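Report on one structure; see the data block that follows.
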Amino acid sequence: MRNKYHIYQKSHYIISPLGKGSVCNYNTISMGESHLQSYSGYWGIPEPFFASIFDENDIDLHRSSSQGQAYSRFESIAITAAESAFQRAEINPDSKDVLFIISTTKGNVEQLEKSKNPDSQSDAYLWHSAQRIAGHFRNPNTPIVVSNACISGCSAQLTAFNMLQYNDLYKHVIVIGAEVLSKFIISGFQSFKALSPERCKPFDANRCGLNLGEAAAAIIYSKSTETESLPDDTIIMEAGAVCNDANHISGPSRTGEGLLRAIHKVTEDFDTNRIAFINAHGTATLYNDDMESVAINRAGLQDIPVNSLKGYYGHTLGAAGVMEVILSSIALQNHNVLRSLGTENPGTAMPLNVCMQNSNTNGDAFLKLISGFGGSNAALLFTLNQHR
Amino acid sequence: MEQLFDVVATCRISDKEVLVNQESILYHSRENEQDWLSTIYHHIGLQYPKFFKMDRLCKAGILGAELLLKDYTYDHETVKDDWGIILMNAASSLDNDRHYQETISEDNYYPSPAVFVYTLANIVTGEIAIRYKIGGESSFYVMPDFDEELMRELLVQAFNADPKLTHILYGWANVDQDQYDVRMFFCKRRGNIKTSINNPS
């Protein structure tokens, strides 16, 4: 099926503990830096944990509205990312042809600790928080919150794609992925025995769990009926798909069933020789990385370089799908495949071509994969617009 | 624009009653000591022991799906990638989040993985996908209230985006402070589609 519009990235912005700005973050990780570290006695959590957390004094975590109303940490970083993306795109966020889509798993869940009374927990409602974020920019539309566990950031981009493709009212969609950590989230992952006591090792034979991280990332998607007028090196979203394993709520399918179907949906009618790299989910849990290796092999894509960015940032939950697409987009524009930091000796159920060093590529496309609780899997396909 | 699909079944679960295709099938009687969701489970004769491990949002969602599908015959064994599920609500998983929060207080810190797993809104779509072997699109959205226009738009786009989708289970499933509001719909793409489902006899 031919799409009516080409959906492309107009601008983007990342705020993470590693830095502010998409290019700043890209340059920092391309030098192999990470903010992952051990936290002990933090937020009243009895056990120490390894994570990537914002400096509590960072002014971008403590923003307030023009009326002086304080925003939460979650809202503050989401607003910071969105504001900078709008400035770069030179788009007015208060226009009715702009739609806000917000990706998060837990939003302001830390509010539940501060207030035990359900009637005073309005800030914990994701839609309420989303309205404060969109309201900050005086956007007139109801913001949509996508809460699809770990795949939320990619689900949100697929929703943006569909909104632009099929609704002529919208010219631009901003996808904001944001997550802050809390005692709630960390204790839960600890109870699941999913956390690594050291820096995570995606796709490594000795991987022993994931690290969690905080970040916010925003991408503004716009549409065009042709690509000739778009600048060279514009990143175009070609296709996206979400498929359910229908297998288990907290573990991936061993055969990679849902992810394989999602890959098939986005790569059918596409020359996969063009794919420069696969930016996988690569959380460094035993099951996730094995499952991805099986799905990638079953799809016949096992020779394509694969990386995971979790070794730089940890798993940033609702922000992950958005932030990792931005970093992969810049890598593609630089004809670079980023190293999978933390991987020492690749060892998954099926062999993968894990990228161990930053390397050059001639490809003009990348595939983003992501999977999560609830049995959901997503695949997104992006290409580089080149006139030559 | 041409209508893409038909709504072939509807159900509603409120605090007071259960309706299927707009006909009331059960009233909530105050004398009944069992909780309301278990009462519905037994009334409709559902046999799915896993139900009792679930949080209330998942229970409500499973009941909604069962009410929509119980009169149809279809392949229960094979994952159907031409079926999708799209749900929305206002409270995401807050009902269970409050429950989990109680397990991590300073004086009583026993975080439970069995409770934590339900602190994600889309676990309900996952539970329904497992029970009914739905392998296509699965999404969960959060919005202030039952916004018919926005919900319908997301549904239409899902049908548009994936021409292979023949059926979508979609709707509203909200559980918040002992209040239940489930309004779910079973939708079938129009036209001459190849499908494994038979209409109720």
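The values are calculated or read from the model by the stated rules, or taken from the named source; none is laboratory data. A quick note: this is a predicted structure, and the numbers were derived from the prediction, not measured. So basically every Cβ, Gly included, is an ideal-geometry build from the backbone, and we count neighbours across all protein chains shown. We work out accessible area using only protein heavy atoms, side chains counted, and drop any ligands, DNA or RNA first. Shrake-Rupley method; radii C 1.70, N 1.55, O 1.52, S 1.80 Å.
Details
- Approximate spin-label separation B:ASP15-A:ARG274, in nm, with each point projected 7 Å along Cα-to-Cβ: 5.5 nm
- Selected from B:LEU150, B:LEU19, B:LEU46 as most flexible by GNM, with chain B as the system and alpha-carbon contacts under 10 Å: B:LEU150
- Protein-protein interface of region A:249-267, residues with accessible area decrease of at least 50 Å², isolated chain reference, 1.4 Å probe: A:ILE249, A:ARG261, A:LYS265
- Within the accessible area of the protein assembly as shown (1.4 Å probe), percent carbon and sulfur: 46 percent
- Rounded if a/c under 1.5, otherwise prolate or oblate - region A:270-310, Cα gyration tensor axes: oblate
- Placing dummy labels 7 Å off each Cα toward the beta-carbon, the span from B:PHE52 to A:SER64 is 5.3 nm.
- Buried on assembly, region A:123-138 (at least 50 Å² less accessible surface than by itself, 1.4 Å probe): A:TYR125, A:TRP127
- For region B:103-166 and region A:207-286, distance of Cα centres in Å: 19 Å
- Shielding by partners - mean other protein chain Cβ count within 10 Å, residues of A:141-151: 6
- Beta bridges by DSSP in region A:7-224, antiparallel share as percent, to the nearest 5: 65 percent
- Antiparallel %, DSSP beta bridges [both residues in region A:235-384], to 5: 70 percent
- The A-B contact accounts for roughly 4500 square angstrom of buried accessible surface, both chains included, probe 1.4 angstrom.
- The protein assembly as shown: C-alpha pair distances exceeding 35 Å, %: 33 percent
- Per residue, the protein assembly as shown exposes 38 Å² of solvent-accessible protein surface, assessed with a 1.4 angstrom probe and all protein chains in place.
- Region A:114-227 shape via C-alpha gyration tensor axes, a/c threshold 1.5: oblate
- Antiparallel DSSP beta bridges within chain A, percent to nearest 5: 70 percent
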